[in-house]
1. Please give the calculated 222 nm ellipticity per residue for the chain, where each DSSP H segment of at least 4 residues contributes -39500 (n - 2.57) and the sum is spread over every residue; nearest 500 deg cm²/dmol?
2. How would you rank Asp321, Asp290, Asp131, going from fewest to most other Cβ atoms within 10 Å of each one's own Cβ?
3. Given H placed 1.01 Å from N in the peptide plane, which residues other than close sequence neighbours of Leu209 have an amide H under 5 Å from its amide H?
4. Please work out the C-alpha center-to-center distance from the range 278-339 to the range 146-178 and express it in whole Å.
5. Cα centroid distance between the range 253-268 and the range 55-118, in Å?
6. Pop out the Kirkwood hydrodynamic radius of the range 1-117 from its pairwise C-alpha distances, inverse of mean 1/r, in Å to one decimal.
7. Is the range 246-325 rounded, prolate or oblate when judged by the Cα gyration tensor, a ≥ b ≥ c being the square roots of its eigenvalues, rounded requiring a/c under 1.5 and prolate requiring a/b larger than b/c?
8. Ignoring solvent entirely, what values of log10 I(q)/I(0) come out of the Debye formula for the range 227-280 at 0.21, 0.23, 0.26, 0.30 Å⁻¹ when each Cα is a single scatterer?
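Every number here is computed from the coordinates shown, using simple stated rules; none is lab data. What you see is a predicted model; the values in this text were computed from it and never measured. Note that each Cβ is placed from the backbone with ideal geometry, even for glycine, and that neighbours are counted across all protein chains shown.
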Amino acid sequence: MKNILITGGAGFIGSHLVRRMVNRYPEYHIVNLDKLTYAGNLENLRDIEEASNYSFIKADICDAAAIHQVFEEHKINSVIHLAAESHVDRSIADPLAFVTTNVLGTAVLLNAAKHFWKDFQDVLFYHVSTDEVYGSLGEEGFFTEETAYDPRSPYSASKAGSDHLVRAWHHTYGMPVVISNCSNNYGSFQFPEKLLPLFISNIVNNKSLPVYGKGENIRDWLWVEDHCQAIDLIFHEAKPGSTYNIGGWNEWKNIDLIRLLCQIMDRKLGRTPGQSEGLITYIKDRPGHDLRYAIDAHKLENELGWKPSITFEEGLEKTVDWYLNNPEWVNRVTSGAYQQYYHQQYIERVQKP
């Protein structure tokens, strides 16, 4: 039986992955470990919280004693590691928090795995990372699995450090590991500090849409469900020691994406075309703002047969519809008091004898 520890499973990508693994693999035991920071929300997983093959544990990945206890009690034989501080602006304001969680936390997990996985048979440590570790591209070219690391922000530097640690445990100790580096995700249940959910909320409330610089920075966007499908595939099929880039072949200038979002929102809200675009406000660019990210996903496609399942336009429509249909979720997750109340109620409920 696979006993899989998914770290950061109450977050945006993590909750989608936990739900997928719980529903698709009833023979697995999925242990969701999350610190429940502002971006972690157990309400994202209300539909599977009573599943017989699911457990939740509130813990910090930097707490070595707690992590060792989880490995021992649940006989963990696989890890899918998503827990991380992930917001670039926050990393600029508080870099040490990112170094602590993303670097030290990863080392704690690796050390626990090394301690309990004595012979490294039928085990796997899967580290989920970002394309931001590669730095910034010019107008042409793509990130490949062989692209040299060149992180530019405290966030990307901390993720690069964690990638290097995972590879070090593989080469030094022989631990079976895989790493994936993914482009920008979008979809339901994303905390509204990120571009799309923030701007959807701002448009609904007629608030300004702050755009860094001239909005010419380019990102590759991937629907979160497609990312989780890729993680599932890599987890089951990839050879230990391998790395895969996950991207949607879907580059957008920030300003073009925002204008498309404005058009969709005007249509869905019954507004005059162009009304939402009038909310765009250009602000001073972010320090060290990388110009362009673009993923070459050929390795993943050719070796494991993965491709995005929907177009960006389809995914964006689904995303907008979800946020417009769930305004109460947005209000609740942005209320720290409510999150604390819900998490406490959940923990008391599942810990009853």
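1. Numbers: 13 runs with 149 residues, N = 353.
Value at 222 nm, helices only, nearest 500: -13000 deg cm²/dmol.
2. Working: Asp321 13, Asp290 21, Asp131 27.
Ranked by crowding around the Cβ, least crowded first: Asp321, Asp290, Asp131.
3. Distant-sequence amide H within range of Leu209: Ile280, Thr281.
4. Going from one Cα centre to the other spans 24 Å.
5. 37 Å
6. On the way: mean 1/r = 0.0697 Å⁻¹.
When all Cα pairs of the range 1-117 are included, the Kirkwood radius is 14.4 Å.
7. Values: a/c = 3.32, a/b = 1.42, b/c = 2.34.
Oblate, because a/c is 1.5 or more while a/b does not exceed b/c.
8. With no solvent term, the Cα-only Debye profile gives -0.77, -0.84, -0.96, -1.10.
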